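Enquirer: Provided herewith is a single structure, encoded as structure tokens, for subsequent inquiry.
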């Protein structure tokens with residue numbers, strides 16, 4: 001995939017060959033190990049959908065990312081995303097995620113998709129006040145009080161959860 005992107009069919013791939021890559025779309029390529037991706041330090045857009053990623057650790061240093069799509073990748077741990085503070089769009093649908101704590105620092109997020117995971121507690125989303133679109137459908141969420149301060153939200157998807165009251169949403173006028 002990288003060889004195609006940099007148009008280098010043979011020979012060693014050097015850091016200098018990949019350091020300028022800004023966009024990488026490698027959905028459905030049977031990828032399990034993304035080590036080496038940490039050398040793509042200029043990446044701003046990364047799509048890894050429909051792969052069975054073992055670890056997100058190599059993403060840790062990709063601090064220029066603004067768009068990240070990891071839908072249907074079987075991931076559960078988000079710790080490696082904690083420092084990706086330039087992210088504005090993050091798509092994590094159809095995974096095994098249950099702990100959102102690593103997302104607390106991603107305050108520049110505008111769009112966040114967490115559809116079809118194993119999420120119960122959404123309290124870590126409290127500080128993500130720039131969110132305007134939030135997908136939380138098909139989880140195990142019952143308490144949505146944490147969303148009441150996300151006043152920039154204009155699209156919110158909560159279907160197929162165990163929500164007991166929508167009262168906390170009354171102040172979300174957008």
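Enquirer: Filtering the range 59-70 down to residues that are surrounded by fewer than 19 Cβ atoms within 10 Å (Cβ to Cβ) and touching a strand residue (DSSP E or B) at 6+ places or on another chain (Cβ under 9 Å), which residue is nearest to residue 26 (Cα to Cα)?
Expert: Ranking the candidates gives 67 first.
Enquirer: Would you check if residue 124 is outside any loop (DSSP other than H, G, I, E, B), in contact with a helix residue (DSSP H, G or I) (Cβ under 8 Å, 6 or more places away or on another chain), under 21 Å from residue 73 (Cβ atoms) and touching a residue at least 12 places away in the same chain (Cβ under 8 Å)?
Expert: Yes; evaluated as a whole, the condition is true for this residue.
Enquirer: Please pick out the residue among 75, 34, 97, 53 that is over 15 Å from the mean Cα position of the chain (by Cα) and part of a loop (DSSP other than H, G, I, E, B).
Expert: Only one candidate passes the filter, namely 34.
Enquirer: Something else now. Which ones in the range 153-174 are part of a loop (DSSP other than H, G, I, E, B), without any contact (Cβ under 8 Å) to a residue 24 or more places away in the chain and farther than 20 Å from residue 115 by Cα?
Expert: 170, 171, 173, listed by residue number.
Enquirer: For the list (1) crowded, with 19+ Cβ neighbours inside 10 Å; (2) outside any strand (DSSP E or B), I need the number of the one condition that residue 148 fails.
Expert: Evaluating residue 148 over (1) crowded, with 19+ Cβ neighbours inside 10 Å; (2) outside any strand (DSSP E or B) leaves (1) as the failure.
Bear in mind these aren't lab numbers, they're just calculated from the coordinates by the rules spelled out. Please read these numbers as outputs of a predicted model, since none were measured by experiment. Virtual Cβ from ideal backbone geometry, glycine too; neighbours counted across all protein chains shown.
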